[in-house]
Amino acid sequence: MQIIQTLLLVAVFAVMSVLMFMRKMPALITLPVMAVLIALIGGILPGDIIEYVIGQGSLKLYNAYTIAMMGSMLSIVLQKTGVAESMIKKGAELSGDNPWIIAVMTLLLIVFLFSILGGLGAIIMVATIVLPIMSSVGIGAITAVGIFLFGLSIGGIINVGNWAVYISVMGLHPEEIKRFALIIFSISLFIAIVYITVQLYRDGQNINVRKIAIVSIILMGLAFAAFAVYSNVLTPSGKGMVDKFFSGTAFVLKWAIASSMALLCAVVILRLVLQKNEHLSDVHWTAYFSPVIPLILILIFSLNFIASFIVGIIYAFMATYKKGRLNLLIRCIFEGGAVVMPAVILMFGIGMLLIAIMGPGVELRQYPGGWPVLNLLKPLLLNIVPHGSLSYVAIFTFCAPLALYRGPLNVWGMGYGLAAVFLASGLNPGAIMGLLLSVGQIQGISDPTNTHNVWLANEMQTDVQKLLKNTMPYTWTIAFLGLLCASLIYL
């Protein structure tokens, strides 16, 4: 019976994934249907499907879609008040006319930011700044989103906050994680630059491949050298001096920024009292800080995401205030919620799928052995654990798409649970880390069930499945090269 159930689970996952990929069935419907079918096949009682899979699943990502709604409201305020349009024009004037350089610099900026930041709120805030600038120089909507997703995922590789599971679950030393993270970082950055070059060529841009190759090699060499010097050449005391210098600089910078923000707010309030905006045809320069202020509050002052967005909305309203703008603000709030609603509904389905696979996260009396769906999948996965280099690369490269749609290799599905299963089977902990970091790039960049993919696609008025088709060849290549390196190092 268990074999039949397992085969049915695999069949449902495969069929539903193909239907979404081929755009025969919208993800809004497919994900909830998949969640219910998986739960039924797994032996979950109908009452528990209603209560946990559908009921709790709908609320699983409540924080993500609340942040998405607030970010959307700020985005609409910036659009309706003319701030976004003016920023695009200024950005186009200041950034020059070389889309490739702009795209690469934007990629590096996003990588830097998300080596520190995380979460949908930060993604929305950064995206509202960089996406319009890329669009203004002729970079297509899908390409712009793809660049953002690559930067986001590459930054996440060297974000030490993401290493906790490898340290706590697998017992790996941070230095060992750092070594492989640097490898997958370099591979991903190289593939990202290839992606930018190919996509801009497809968008009709004039591309000098030879010059791009030279610049790319220099940039990656400098990045690799800087990281290698800090990691391997500097003594502990030298690292301490570097860290102390940057810590002191950060403290001074933090209070300088706080003082500047206070002064900026004072200028905005004074202009509001004196009604200086009434006769302006263009927005005042103070309004350009509207999307930046929430980002600063999140990044430097660690303020709550929702509170930061509310501050941004209030600041944008005050910086652009004219008579009658209160009604405009109210319309923006309503429209902001409406615009993001398709993404919110999709997040309902993602939450249902997460609960269907992983369970509600608490022990239930009716399932003393654990969540039945997980119990069905674990034996199957144990049987395919490879121990040789060739089988490791071949099996996991072939199975890499299982990181999509909250599949078994998705770290936000059951990937970390799977890591524990592989660890118990005797697979080298370093090889497990290599698997998750390599295949994780498919999930981080291409997975249509990521809340950030959903929001970005919605923001740029494109389809999240098109992003999957557009980025999958590149992310699969990253997975293969990462697995190859992991096999050479750990097996």
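The values are calculated or read from the model by the stated rules, or taken from the named source; none is laboratory data. Note that the structure is a prediction, hence the values are computed from the model and not measured. Please note: Cβ atoms are built from the backbone with ideal geometry, for glycine as well, and neighbour counts cover all protein chains shown.
The table that follows gives values for the structure above.
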item	result
Selection count where residues are in a helix (DSSP H, G or I) and of a type in the set (D, E, K, R), scope segment 443-478	3
Failed item, numbered, when Asp282 is tested on (1) over 12 Å from Tyr321 (Cβ atoms); (2) buried (at least 17 other Cβ atoms within 10 Å of the Cβ); (3) of a type outside the set (Val, Ile, Thr)	(2)
Of the criteria (1) crowded, with 21+ Cβ neighbours inside 10 Å; (2) under 30 Å from Leu37 (Cβ atoms); (3) more than 29 Å from the chain's Cα centre (by Cα), which one Leu354 fails	(3)
Selection within segment 199-214 - surrounded by 15 or more Cβ atoms within 10 Å (Cβ to Cβ) and in a helix (DSSP H, G or I)	Gln199, Leu200, Ile212
The one condition in (1) at pLDDT below 85; (2) buried (at least 23 other Cβ atoms within 10 Å of the Cβ) that Gly118 fails to fulfil	(2)
Cβ-Cβ under 6 Å pairs, at least 6 apart or on other chains, segment 391-405 side closer than 17 Å to Pro473 by Cα, far side not hydrophobic (A, V, I, L, M, F, W, C) and not in a helix (DSSP H, G or I)	Leu402/Pro408; Ala403/Asn410; Leu404/Asp447; Tyr405/Thr449
Yes/no for Gly57 being part of a loop (DSSP other than H, G, I, E, B), over 30 Å from Ser290 (Cα atoms) and in contact (Cβ under 8 Å) with a residue 24 or more places away in the chain	no
Among the residues listed as Tyr288, Tyr230, the single one being surrounded by 15 or more Cβ atoms within 10 Å (Cβ to Cβ) and either part of a helix (DSSP H, G or I) or at pLDDT 85 or above (or both)	Tyr288
Candidates Gly440, Gly426, Gly430 - the one that is modelled with pLDDT under 90, assigned to a loop (DSSP other than H, G, I, E, B) and small (Gly, Ala, Ser)	Gly426
Tally, over segment 184-198, of residues that are farther than 21 Å from Ile142 by Cβ and either surrounded by 20 or more Cβ atoms within 10 Å (Cβ to Cβ) or out of contact with any helix residue (DSSP H, G or I) (no Cβ under 7 Å at 6 or more places or on another chain) (or both)	3
Count of residues meeting criterion [outside any loop (DSSP other than H, G, I, E, B) and either modelled with pLDDT of 85 or more or polar (S, T, N, Q) (or both)] in segment 353-375	5
Of all residues in segment 368-402 being aromatic (Phe, Trp, Tyr) and crowded, with 18+ Cβ neighbours inside 10 Å, the one that is farthest from Leu9 (Cα to Cα)	Tyr392
